[in-house]
Amino acid sequence: MTDLIRVLGNREMSDPELGRHREEEWLVTNGLGGYASGTVTGAITRRYHGLLIAALPNPLGRMMMLNGLSERLRLPDHQVVYTGAEELAGITPEATLTLSEFRLEAGLPVWRYVLNGFVLEKRLILPYRQNTVHVTYLLLAGKGKLRLGLRPAMHFRSHDAPVSQPRSTHYKLSVCQDQFEVMGAPDLPVLRLIVHGSSTAFTFDRKETSLIPYRTERDRGYEWQGSLWSPGYFRSDLGEGDRTTLVASTEEWDTIRALSPEETFRAELDRRRLLVNAAPPPAQTGPAAEPVFAADQFLITPVARLDDAHVQVSGDEIRTVIAGYPWFTDWGRDTMISLEGLTLMTGRRHEAGRILRTFAHYVRDGLIPNMFPEGERDGLYHTADATLWFFHAIHRYVQITNDGTTLKLVLPRLMEIIEHHWNGTLFGIGMDPQDALLRQGQEGYQLTWMDAKVGDWVVTPRRGKAVEINALWYNALRLMAGWLQEADQEAAMRRMNETADRVRESFNHRFWYEQGGYLYDVVDTANGGSDDACRPNQIFAISLDHPVLHEARWKPVMEVVTDRLLTPVGLRSLAPGHPDYKARYFGDLRSRDAAYHQGTVWAWLIGPYVDAWRKLHPGQDAEARRFLAGFTAHLDDACIGSISEVFDAEAPYTPRGCVAQAWSVAEVLRCWVNTA
């Protein structure tokens, strides 16, 4: 897989200007929602940085089980150096080993350290669908023995919990031969540790570190100092060609020991080869191959929730999408927008069908869940657009797979959804009988994708008739009419088309903002009148499969969006010049949420923009692909090999938010494949 290796930025890691202060991050996931993440240099800067964040059944959710390893090297001349995570040992070292190279191989992180003729390589994997991590050290070159010391550091807590959260109980360590177990509170899982290698030993040396500063948490306005506990340290003597692997897990010992570390690594590498081979040719090599691995990180089999039994008894496999790492769970909106890019553009059609059927089981009152909160058993349904994106996702799925069985299975659910929207459902969502447009809004709720909320403050409430909601509503009606026609339900089909005709007429009459030459963002607002803020939401009136906007208006809308909203990494959420415009997404929670949809660039919006542009410029796919160039460079920033959630609204377009976001990866990958 030599063509699937990314060396970080092709830059010298020994450059003192780049070394210790580099903040690029890496991410590895396990197919359950669990993950490992950290900075390239080993510095812990986020509460989410750890080597094993296990995905556990609710109400536990994702738990931080192993925060890190302090790596101590003793050379034959007795010189002692550390590799960059020395704060985990609670010491200030005299010497720190220089990281000479960081790379991804098939999406997996590899570190290389060089000192006095010794070349040490470190690799990390999470076996698929296990809450287990393997950290392997291989001495590639060096004369004499290198003694490797590994001190595990831990603070059992929810991965979302503040780093300052006190320990609820003292940790207990038990040992049986080469098997080590660390226990915390009775309701928490046991962390099991084992080291594979020659000349290994363990030294009992319990230690609690002084307060470790988590710099990114401080910058984001959260608790930023916390201590870690360690039971002692492992050591192993390495000669040239020798390797040592530390395994940490919440699984049972039979599972942990089922395969050797070498067998586990080969199995994961084989799985990743299959991922690339299953993808369409444009995604098998070049810049699109890395997003194939990134896409895999978001597709999970969730741990048990209350309603999962409804899916299981049908004989189907539960599948869903993590919206973003490290802190998002699975969101309905993000799942439906991401589905095509994550699954249909990567050759994972069966998983796409399972995801759609899973969400069909969760429909309540004509809505799919907006999100499943961390550690909770039930979903939240406060969304006006996720359910309409469900129609879009099903259409793209059926279009590519010809899976009429799934369509037939979910069609009654889709009819139920339309009827609830006709008659009105939760949160003020329902069709206005006067003009057939869809209205939504309830005090204190954020129902569209522009959903920032701080306390009781809904930053962009957008109550009324929102432009993208009605573009999606029209698209859903036309799609439904086509499916009903195929099912020989002529009367229902005619009603769908009649409603759609009314929506299109009303939309083009109500949403066109003549003075600006673009579309209102919301009409019939909660305060009356129309909102003329120039936002990217209008692009969906062109980009969807059934565009609601008259074709004569496509060009002026695209000119405005291109001139005022387009950046190298997506679309601004609000045009510069508006009183609420914010150029940077930075600071504490309130400051960030105030900027979240008030100028901040969203990467996923490049997808609908490219779709709309291609409609105006058919046959010019090479020109369309130029809009993706900024993301190729971004694969070296933030989370290496993935794409961030948001960016600042102005140059240098600093990446912000989640370092790896599902719909960002999905839409860039989809556009790359479609413009090949």
message: Looking at (1) over 22 Å from TRP327 (Cα atoms); (2) part of a loop (DSSP other than H, G, I, E, B), which one does CYS658 not meet, given that it meets all the others?
response: (1)
message: Out of the residues in segment 160-186 meeting the condition of being loosely packed, with under 15 Cβ neighbours inside 10 Å and of a type in the set (A, V, I, L, M, F, W, C), tell me which one is nearest to LEU52 (Cα to Cα).
response: ALA185
message: Just checking, does segment 202-216 include any residue being more than 18 Å from ALA85 (Cβ to Cβ), out of contact with any helix residue (DSSP H, G or I) (no Cβ under 6 Å at 6 or more places or on another chain) and not in a strand (DSSP E or B)?
response: no
- line: Those residues of segment 46-85 which are crowded, with 20+ Cβ neighbours inside 10 Å, of a type outside the set (A, V, I, L, M, F, W, C) and either in contact with a helix residue (DSSP H, G or I) (Cβ under 9 Å, 6 or more places away or on another chain) or not in a strand (DSSP E or B) (or both) amount to ARG46, ARG47, TYR48, HIS49, ASN67, GLY68, SER70, GLU71, ARG72, TYR82, THR83, GLY84
Restricting segment 222-258 to residues that are of a type in the set (Val, Ile, Thr) and part of a strand (DSSP E or B), the residue that is nearest to VAL133 (Cα to Cα): VAL247
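Going through SER591, SER530, SER573 one at a time, which residue ends up being buried (at least 21 other Cβ atoms within 10 Å of the Cβ) and either among the hydroxyl-bearing types (Ser, Thr, Tyr) or in the same structural domain as GLU217 (by TED's automatic domain parsing) (or both)?
So the residue among SER591, SER530, SER573 that is buried (at least 21 other Cβ atoms within 10 Å of the Cβ) and either among the hydroxyl-bearing types (Ser, Thr, Tyr) or in the same structural domain as GLU217 (by TED's automatic domain parsing) (or both) is SER573.
Quick check on segment 184-222: of everything there that is among the hydrophobic types (A, V, I, L, M, F, W, C) and more than 24 Å from THR245 (Cβ to Cβ), which residue is modelled with the lowest pLDDT? Even if it seems obvious, please write down each step before you answer.
If we filter segment 184-222 for residues that are among the hydrophobic types (A, V, I, L, M, F, W, C), which is where we start, we get 185, 188, 190-191, 193-195, 201-202, 204, 211-212.
Then drop every residue that is not more than 24 Å from THR245 (Cβ to Cβ), which leaves 185, 188, 211-212.
Working: ALA185: 90, LEU188: 92, LEU211: 87, ILE212: 90.
That would be LEU211.
Where residues in segment 447-456 are within 20 Å of PRO579 (Cβ to Cβ) and touching a Lys or Arg at 6+ places or on another chain (Cβ under 8 Å), which of them is surrounded by the fewest Cβ atoms within 10 Å (Cβ to Cβ)?
We begin by selecting, within segment 447-456, every residue within 20 Å of PRO579 (Cβ to Cβ); these are 450, 452, 454.
Next cut, touching a Lys or Arg at 6+ places or on another chain (Cβ under 8 Å) only: 450, 454.
Working: MET450: 24, VAL454: 15.
Out of the qualifying residues, it is VAL454.
The values are calculated or read from the model by the stated rules, or taken from the named source; none is laboratory data. Only a predicted model underlies this, so the values are computations on that prediction, with no experimental measurement involved. Cβ coordinates were reconstructed from backbone atoms using ideal geometry, including for glycine residues, and neighbour counts include every protein chain displayed.
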